[in-house]
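Worksheet: the structure to be examined is printed underneath.
The values are calculated or read from the model by the stated rules, or taken from the named source; none is laboratory data. Bear in mind that the values here come from a model prediction, so they are computed numbers and not experimental data. As a convention, Cβ positions derive from the backbone with ideal geometry for all residues, glycine included, and neighbour counts pool all protein chains shown. To get the accessible areas, we keep the full protein, side chains included, count just its heavy atoms, and leave off ligands, DNA and RNA. Shrake-Rupley method; radii C 1.70, N 1.55, O 1.52, S 1.80 Å.
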Amino acid sequence: MTIRLGETAPDFKVASTSGEISLHEWAGDSWVFFFSHPADFTPVCTTEMGRTAQLAEEFAKRNVKPLGLSTDT
């Protein structure tokens, strides 16, 4: 399935570090910056996840919620 910028992603439920979320309910009327990485704790993944957390206020100012996914548990 291909999802393009501006399209609505399918809804899903997932266990997160903030508890279980349903994508559409969690997103509300915000944009979502959804990114994924193939492994935890690699230099690039750690840097991108950390930088995203540092920019949390900037994302909030723009009504954007970041959601990072790792394929590791």
Residues being within 13 Å of the chain's Cα centre (by Cα) and assigned to a helix (DSSP H, G or I) - total across the range 8-44
4
Please count how many residues of the range 17-34 are in contact (Cβ under 8 Å) with a residue 12 or more places away in the chain and of a type in the set (Ser, Thr, Tyr).
1
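With the structure loaded, tell me whether Phe34 is open to solvent by 90 Å² or more (accessible area, probe 1.4 Å), at pLDDT below 85 and among the hydrophobic types (A, V, I, L, M, F, W, C) or whether it fails that test. Walk me through how you get there before you give the answer.
On the way: open to solvent by 90 Å² or more (accessible area, probe 1.4 Å): yes; at pLDDT below 85: no; among the hydrophobic types (A, V, I, L, M, F, W, C): yes.
The answer is no for Phe34.
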